[in-house]
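For reference, the structure discussed in these notes is given below.
Read-outs throughout are calculated quantities, based only on the coordinates presented, and are distinct from any laboratory measurement. If you're wondering where the values come from, they're calculated on a predicted model, not measured in any experiment. Every residue, glycine among them, receives a Cβ derived from its backbone with ideal geometry; neighbour counts consider all protein chains shown.
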Ligand SMILES: Cc1cc2nc3c(=O)[nH]c(=O)nc-3n(C[C@H](O)[C@H](O)[C@H](O)COP(=O)(O)OP(=O)(O)OC[C@H]3O[C@@H](n4cnc5c(N)ncnc54)[C@H](O)[C@@H]3O)c2cc1C
C-alpha cells in the first residue's frame, strides 16, 4: 500500500519524501532513470543564491530556514548512513559586488555575516587568487555540499526508513477522473495512491501541459555546463564568485568552475566553447589551475522558472495532486524549506511560510 507517489527523484523529490514520511505516510518514488542523476547531480552545491541581495523575497524565505537547517541535516545523514555529504562552511568571496551599500544593508537586515576585505585581506583570504577584485565582499557563513554525496545519503536514509524507490520508471500516463488522479502508468506497471507529488525538475512544465493542460507552469530547461580540475587541497580555500561565474573548492582538492546559462531545450550536450569560457575564467582567477588537468566536463538542465520562484502547492482543480518544482539555480539552497512547505500544504497543516508566492496560479 502506498499513500503518496512522488514523480521524480532529484534533490527535491528526495527531500520531499523525507518530510512526508515524518508524518507516517507510506511513500513511493518513481524515477525515470537513476536517482539524482539530472540537474541535482550536475549542480555546484553552493547553499546560497549567488548574489543573495539580488534574490526576490520568496526565494529568501525558502533559503533562510534551509541555510539554518543544513548543518544538522548533513550531520544526521552522515551519522545515519555513513555517507558524508561534505557540508562545509567554506564561505563565499564575491569579487565584484556592484552595489556595496545595498549588499551591506541586505546582510545586516537578514543577519548574514559579512566582511569588506581590502586588497591585503583579500590576498590573505586567497593567496593563490591573482586577479584584481572590484569591491569584494566576503560572506563567511555560506556553505556548500557535494551534490552526489548528499543525494546518495538521502537515498540511503530513505530506503532505511522504508521509502520505496523504483528507478527506470518513466511516468507516461496520468489518469484523471472527476478531479482526482486515479492511477498512473510507468514502465509496464500501473500505480495508484491517495496523493501524487510531481518533482520532475525541468520536465515538470511539459508534464503538466501534457496531462493537466491548466494552469501552464512556466518551467523550462536551462542548461548549465561545468568543469572540474584536479588540484591540491587548500589551493583555493573559499568559493569565489565573479561575473556570475564561480570556483568551488572541494574537500579533496578538486575545483569546480561553473557555469553557463543556456536556453537550448532538453539538449544536454557539452560544447568546446563553454569549456574554453569556463577554463579561461578559472585561469584568470586562479592561474595555478593552468598546471592542473580538467578532469570532467558536464551539463545539467536546471528547472528554470521566470524569477526562480518554485511552484509549491496543490493543483487548483485536481484534488490529490501537488507540485514541488521550478527551483532554477537554487534547488539545493531551498530544498529543505520547500519540502517542509509542500508537506504542510499536503497535510493541511499551518505553515511557517506564507504559501501564496509559490502557488501554481501565482506569477512566478
Ligand atoms: C550547472 C548547474 C549548477 C548548479 N548549481 C547550483 C548550486 O550551486 N546551488 C543550488 O542550490 N542549485 C544549483 N543548481 C540548481 C539545482 O541543481 C536544481 O535547482 C535542482 O537540482 C533541482 O532539483 P529537482 O529535483 O527539481 O530536479 P532534478 O534533479 O532534475 O530531478 C528531477 C527528476 O525527475 C525525473 N523525471 C523527469 N520526468 C520524469 C518522468 N516522466 N517520470 C519519472 N521521473 C521523471 C528526472 O529523471 C530527474 O531525476 C545548479 C544546476 C546546474 C545544472
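Brief remarks follow.
- Inter-part distance, the range 14-40 to the range 95-127, computed on C-alpha centroids, equals 37 Å.
- Residue order, fewest to most surrounding Cβ atoms within 10 angstrom, among 138, 131, 266: 266, 131, 138
- Ellipsoid equivalent to the range 271-364 - semi-axes via the Cα gyration tensor, in Å: 39, 14, 11
- Rounded to 10°, Cα long-axis angle of helix 272-285 versus longest principal axis of the chain: 50
- GNM result for the chain, Cα springs below 10 Å: residue of 47, 62, 73 fluctuating most strongly: 73
- Of every Cα-Cα pair in the range 32-167, the percent that sits beyond 20 Å: 56
- Taking the C-alpha atoms only, the angle from helix 147-160 to the longest principal axis of the chain is near 30 degrees.
- Between the range 189-232 and the range 132-156, the alpha-carbon center distance in angstrom: 23
- Anisotropy class of the range 18-112 from Cα gyration tensor, a/c 1.5 cut: prolate
- Ranked packing of 84-92, 222-230, most packed first, by mean Cβ within 10 Å: 222-230, 84-92
- Centroid-to-centroid separation of the range 298-315 and the range 43-86 [C-alpha atoms, Å]: 17
- Principal-axis tilt of helix 11-21 within the chain, Cα atoms, nearest 10 degrees: 50
- Max mean-square fluctuation residue, GNM over the chain, Cα-Cα springs under 10 Å, options 325, 97, 292: 292
- Square roots of 5 times each gyration tensor eigenvalue, C-alpha, the range 73-142, largest first, Å: 29, 17, 8
- Cβ crowding within 10 Å, taken as a proxy for footprinting-reagent exposure, orders 67, 168 from fewest neighbours to most as 168, 67.
- Kirkwood Rh in Å, taken over all unlike Cα pairs in the chain: 21.0
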